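Notes to accompany the following structure.
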Amino acid sequence: MSNKPLSPTHFVAPLEETPLVAIDAVNVGERKSNLWIDAWRDMRRRPMFWVSAVIILLVVVVALAPNLFTSVPPNSDCQLSNSNGAPTGEHILGFTKQGCDVFSRIVHGTSTSLSVGIIVTILTSVLGILFGAFAGFYGGWLDAVLSRAGDIFFSIPYILAAVVIMSVFSAYRNVFVISLAIGIFAWPSTARVLRAEILRVKQSDYVMAAQAVGVSNLKILMRHVLPNSIAPVIVVTTISLGAAIVAEATLSFLGVGLPNSTMSWGNDISAAQVDLRNAPQTLIYPSLALSITVLAFIMMGEVVRDALDPKARAQR
Amino acid sequence: MAGYILRRLLQAIPVLLGTTFLIYFMVFAMPGDPLLALFGDKTPNPALLERLRQEYHLDQPFIVQYFLYLGGIFRGDFGTSFSGEAVSDILARTFPVTIRLAILALIIEFVGGVLIGLYSGLRKGKLFDGTALIVSLVFISLPIFVIAFVGQYVFGIQLGWARTTVSTGAPIQDLILPAFVLASISLAQLIRLTRASVIETAGLDFVRTAYGKGLSRRRIIPVHILRNSLIPVVTYAATDFGVLLVGATVTEGIFNVPGVGRTLYQAIIRGEGPTVVSFVTVMVLIYLVVNLVVDLLYGLLDPRIRYVK
């Protein structure tokens, strides 16, 4: 065997040794294609992808640099004489009950929601991938133990669990604790999706081939099985980022979320609920910001799912 | 069948133990001495403290305390609320209201989801379908309290069609708006699920055969397409009943529905930790039992499920 690398344009025999060039030289390499490239080709044609991408990008920029969008301080410049005031030229969305600028508070609250979303997503992905991958790949008693553990966490609705955790740790309410409270009970859905996918991928010929040539189990899992079963996890993760933002807002709304000193959309909505009749703007604008952000993540998840799943693509 | 029921019941035991253990452990890990908290600023008599410690088994190791608590749950003793009323008494009063609300929401969810989803699926790619897809996605991403407030504002304050809060006794007409709010997110999910299922069924060979035989659409749509699309839809709706029962906390709180959810909501708002924990435990148990019953009914209805491990 020559040590010259095989060119991708022929599979049967080297071109120079056979006259049947026309048959052998099937151009397989002309249009490169795999799951991710196909998915990207599909996604970039959809307006929903661009809409959600632009919103997500905007949310990230607002979270990182709130001062680019408003020069009004969210907390320090509040005047009670402006309480529940209507919009004015400089304060386009009006004032809260405390006389603070609604728009500025929304802008400065963005980073809270986004950080909770991101931390929860990292947490659920790490736990979900660890549990799901080991349970699905190794099977047997490990699967039984890990899956039953997942069942237990799955059986407690995660909002209720987070309510208990936040009530118990009422003295330590911050972004990390609330993310932990949400994430610690939200990971089983990721684990279940990954486990199911790994059970499917494990049956593939290339996994058997890798086993046949003596690749170690861990290496097969890391190099062959996991990369090929990660697609549904990405979908679940994108959607769960939105769900985590909703969970934070719900907990803050219930009063067991972040302390009032932390600026968060959930806190603002919670504070505004008593004034629904006479100052709906204080409630509606933070709710709108929250809903649009979550919608963007869920839309992105839908687009990614459709792109990665040919069956879903056919139903459009 | 008996084997299936037995297996399913046995499977429920570790989950039941695990969930109660987790919740109890979280409370046990709570910083601070619960007895000292009872006395507020005053320093209690050490002898009294000792007696209370024995009475509530706080001198026992964690695992003993857990089993005592578990034994209480089996006897229907979920502890007492902050106001001194037994949690089981509160449940007896509030649970019927929650069940009524959840059933109403389930009906709205199922009827609305199937009708809209079916129409959407049959008219795939048309304006109605596109609108239904986008509107349902918006509802899925809206937090329930936002939907509740918008519902309250539009139907209660602006249009005056419904009361913003439920009056005493929780009559059905007052529960309609809260039920719609409670059902909205699941309704949106069900529309999407029905639509996908209808599109899949409508593309199958037996539907084409039915058209080929010259059957009318009026027969094909309900008998061939709808009936065969309903399996995943009914599954979703059935498991969602548990979610509606325990997920009503925010909705019941906002609309002041006198159910279990509102009791939990008020305990959370007032920061009554132990009451919150008792009610969360109760709700998790309800959720587990409802899901268990749904699973058992499924085994009864669909023989395939009984044989799948």
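For the structure I just gave you, tell me whether A:ILE245 is open to solvent by less than 10 Å² (accessible area, probe 1.4 Å), without any contact (Cβ under 8 Å) to a residue 40 or more places away in the chain, of a type outside the set (S, T, N, Q) and in contact with a Leu (Cβ under 9 Å, 6 or more places away or on another chain).
Details: open to solvent by less than 10 Å² (accessible area, probe 1.4 Å): yes; without any contact (Cβ under 8 Å) to a residue 40 or more places away in the chain: no; of a type outside the set (S, T, N, Q): yes; in contact with a Leu (Cβ under 9 Å, 6 or more places away or on another chain): yes.
Answer is no for this residue.
Could you pull out every one of the helices (runs of 4 or more DSSP H) wholly within region B:222-303 that has 3 or more residues that are closer than 25 Å to B:VAL111 by Cβ? So that I can check it myself, show each step before the final result.
Values: elements: B:227-246, B:249-255, B:260-269, B:273-301.
Output list reads B:227-246, B:249-255, B:273-301.
Can you tell me which residue is modelled with the lowest pLDDT among those in region A:278-305 that are more than 15 Å from the chain's Cα centre (by Cα), open to solvent by 20 Å² or more (accessible area, probe 1.4 Å) and more than 11 Å from chain B (Cβ to nearest Cβ)?
For region A:278-305, the residue satisfying everything is A:GLN281.
Okay, residues lined up against (1) more than 14 Å from chain A (Cβ to nearest Cβ); (2) at pLDDT below 90; (3) open to solvent by less than 50 Å² (accessible area, probe 1.4 Å):
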| position | (1), (2), (3) |
| --- | --- |
| B:ALA162 | yes, yes, yes |
| B:VAL166 | yes, yes, yes |
| B:GLY169 | yes, yes, no |
| B:ASP174 | yes, yes, yes |
| B:ALA183 | yes, no, yes |
| B:LEU187 | yes, no, yes |
| B:ILE191 | no, no, yes |
| B:ALA196 | no, yes, yes |
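If you go through region B:201-221 one residue at a time, do you hit one that is surrounded by fewer than 21 Cβ atoms within 10 Å (Cβ to Cβ), free of Cβ contacts under 8 Å to residues at least 60 places away in the same chain, within 11 Å of chain A (Cβ to nearest Cβ) and more than 30 Å from A:ILE159 (Cβ to Cβ)?
Yes, some residue in region B:201-221 is surrounded by fewer than 21 Cβ atoms within 10 Å (Cβ to Cβ), free of Cβ contacts under 8 Å to residues at least 60 places away in the same chain, within 11 Å of chain A (Cβ to nearest Cβ) and more than 30 Å from A:ILE159 (Cβ to Cβ).
Residues checked against (1) touching a helix residue (DSSP H, G or I) at 6+ places or on another chain (Cβ under 7 Å); (2) modelled with pLDDT under 75; (3) not aromatic (Phe, Trp, Tyr):
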{"residue": "A:ALA39", "(1), (2), (3)": "yes, no, yes"}
{"residue": "A:ALA65", "(1), (2), (3)": "no, no, yes"}
{"residue": "A:ASP77", "(1), (2), (3)": "no, yes, yes"}
{"residue": "A:LEU80", "(1), (2), (3)": "no, yes, yes"}
{"residue": "A:VAL116", "(1), (2), (3)": "yes, no, yes"}
{"residue": "A:SER125", "(1), (2), (3)": "yes, no, yes"}
{"residue": "A:ARG148", "(1), (2), (3)": "yes, no, yes"}
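Would you check which residues across region A:254-270 are within 13 Å of another protein chain (Cβ to nearest Cβ) and open to solvent by 10 Å² or more (accessible area, probe 1.4 Å) and list them? Walk me through it before giving the result.
In the first step, residues of region A:254-270 are kept if they are within 13 Å of another protein chain (Cβ to nearest Cβ); the result is A:254-257, A:259, A:264-270.
Matches in region A:254-270: A:GLY255, A:PRO259, A:ASN267, A:ASP268, A:SER270.
Failed condition for A:GLY214, given (1) at positive phi; (2) buried (at least 21 other Cβ atoms within 10 Å of the Cβ), with all others met?
With (1) at positive phi; (2) buried (at least 21 other Cβ atoms within 10 Å of the Cβ) applied to A:GLY214, the lone miss is (2).
How many residues are within 14 Å of chain A (Cβ to nearest Cβ), closer than 29 Å to A:LEU254 by Cβ and crowded, with 21+ Cβ neighbours inside 10 Å when one looks only at region B:103-141?
3
Go over the candidates B:PHE82, B:PHE21, B:PHE74 one by one and state the one that is surrounded by 13 or more Cβ atoms within 10 Å (Cβ to Cβ), under 20 Å from B:MET283 (Cα atoms) and modelled with pLDDT of 75 or more.
Working: B:PHE82 fails: modelled with pLDDT of 75 or more; B:PHE74 fails: surrounded by 13 or more Cβ atoms within 10 Å (Cβ to Cβ).
After applying the criteria, what remains is B:PHE21.
Show me the helices (runs of 4 or more DSSP H) entirely contained within region A:93-178 in which 1 or more residues are closer than 30 Å to A:LEU57 by Cα and within 24 Å of the chain's Cα centre (by Cα). Can you show your working first?
Numbers: elements: A:102-138, A:140-155, A:158-168.
Answer list for region A:93-178: A:102-138, A:158-168.
Quick one: A:THR250 ticks every box in (1) over 19 Å from B:ILE144 (Cβ atoms); (2) within 11 Å of chain B (Cβ to nearest Cβ) except a single one, so which number is it?
The single condition A:THR250 does not satisfy is (1).
The values are calculated or read from the model by the stated rules, or taken from the named source; none is laboratory data. Here the structure is a predicted model, which means the values were calculated and not measured. No Cβ is skipped: glycine too gets one built from the backbone with ideal geometry, and neighbour counts run over all protein chains shown. With ligands, DNA and RNA removed, areas are computed over all heavy atoms of the protein, side chains included. Shrake-Rupley method; radii C 1.70, N 1.55, O 1.52, S 1.80 Å.
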